[in-house]
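Notes follow once the structure below has been shown.
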Amino acid sequence: MGRTVYSLAKECIGYGSDFDIKGFIDDNLKALDGFSNYPALLGTIKDYRPQPDDVFVSSIGNTRINRLVCDSLKKRGAKFIPLIHQRAVVRSNAVIGDGSIICEFATIGADAKVGCNCLVQAYACVAHDCVVGDYVRIDTHCTCVGGVEIKDGAMIHTSAVLSHNVVVEENAVVGACSFVIRRVKAGTTVTGNPARRLNK
Ligand SMILES: CC(C)(COP(=O)(O)OP(=O)(O)OC[C@H]1O[C@@H](n2cnc3c(N)ncnc32)[C@H](O)[C@@H]1OP(=O)(O)O)[C@@H](O)C(=O)NCCC(=O)NCCS
């Protein structure tokens with residue numbers, strides 16, 4: 001995912017003028033072995049000391065681990081920036097928080113709010129008036145219709161559809177291709193059409 005976000009960053013608003021790409025940090029120092037045409041791996045996340053002009057984005061897909069890693073970097077003074085692809089659609093008054101990544105052909109509707117350190121993947125739609133918390137992941141081809149609320153740390157997997165005014169609580173998971181018509185309780189996983197709690 002880090003390699004994908006590197007490639008995406010070069011197509012985002014502000015690349016080359018507001019920010020450039022310095023390199024990766026990863027606790028696996030062999031993460032780029034066998035891959036070519038990428039910038040340097042500068043060191044581990046746990047040891048990295050943010051420099052005065054550094055800005056960060058995180059490509060970690062697991063929202064719980066993403067939060068731990070980003071919070072640890074923020075405590076060391078790291079500044080996160082949003083990455084918005086040039087071909088994403090961001091409608092009037094939509095707000096996108098620091099560290100969030102909005103991929104190509106994603107739509108953020110009018111007056112919607114996306115918090116910090118979220119990932120909205122390609123072709124996802126977060127429609128008008130949705131409120132998305134921090135550290136939320138919305139996978140490709142998901143549809144969040146108008147007024148949906150997704151709280152911190154939730155993961156909405158590929159092609160899920162969240163119906164009008166649904167609330168997905170903290171750290172909940174919505175399985176791929178689910179149609180969600182009711183509130184999803186914190187920390188639970190739902191799947192299917194209509195989506196029901198996975199008994200685990
Ligand atoms: C929801 C999900 C997280 C559950 O994973 P899990 O906890 O490992 O669940 P399991 O694979 O053990 O499946 C448990 C049961 O749920 C069912 N199930 C799993 N995912 C389902 C889905 N998306 N829709 C309907 N049923 C599903 C399985 O058939 C199984 O049913 P059974 O007990 O009757 O056999 C996972 O299936 C999923 O949707 N992952 C998303 C993948 C994805 O889109 N990734 C994005 C990459 S960018």
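The values are calculated or read from the model by the stated rules, or taken from the named source; none is laboratory data. It should be emphasised that the depicted structure is a prediction, and the values quoted were computed from it without experimental measurement. In this analysis, Cβ positions are derived from the backbone assuming ideal geometry, glycine residues included, and neighbour counts consider all displayed protein chains.
For residues that are among the small types (Gly, Ala, Ser) and closer than 23 Å to CYS118 by Cα, tally how many sit in region 32-60. Qualifying residue count, region 32-60: 2. For ILE102, the conditions (1) in contact (Cβ under 8 Å) with a residue 24 or more places away in the chain; (2) buried (at least 18 other Cβ atoms within 10 Å of the Cβ) all hold with the exception of (1). Taking region 127-161 as the range and being more than 16 Å from the ligand (Cβ to nearest atom) and farther than 15 Å from ARG67 by Cβ as the test, the residues that pass are ALA127, HIS128, ASP129, CYS130, VAL131, VAL145, GLY146, GLY147, VAL148, GLU149. Inspection of region 131-138 finds no residue satisfying the criterion of being of a type in the set (Gly, Ala, Ser) and surrounded by fewer than 20 Cβ atoms within 10 Å (Cβ to Cβ).
Residue under question is ALA176, and the condition is that it be crowded, with 23+ Cβ neighbours inside 10 Å and either modelled with pLDDT under 95 or within 16 Å of the ligand (Cβ to nearest atom) (or both); does it hold? It is false that ALA176 is crowded, with 23+ Cβ neighbours inside 10 Å and either modelled with pLDDT under 95 or within 16 Å of the ligand (Cβ to nearest atom) (or both). Are any of the residues in region 106-120 part of a loop (DSSP other than H, G, I, E, B), within 16 Å of the ligand (Cβ to nearest atom) and crowded, with 17+ Cβ neighbours inside 10 Å? For region 106-120, residues part of a loop (DSSP other than H, G, I, E, B), within 16 Å of the ligand (Cβ to nearest atom) and crowded, with 17+ Cβ neighbours inside 10 Å: present.
Collect the residues in region 73-94 that are exposed (fewer than 13 other Cβ atoms within 10 Å of the Cβ) and without any contact (Cβ under 8 Å) to a residue 24 or more places away in the chain, keeping them in residue-number order. Hits for region 73-94 are LYS75, SER92, ASN93.
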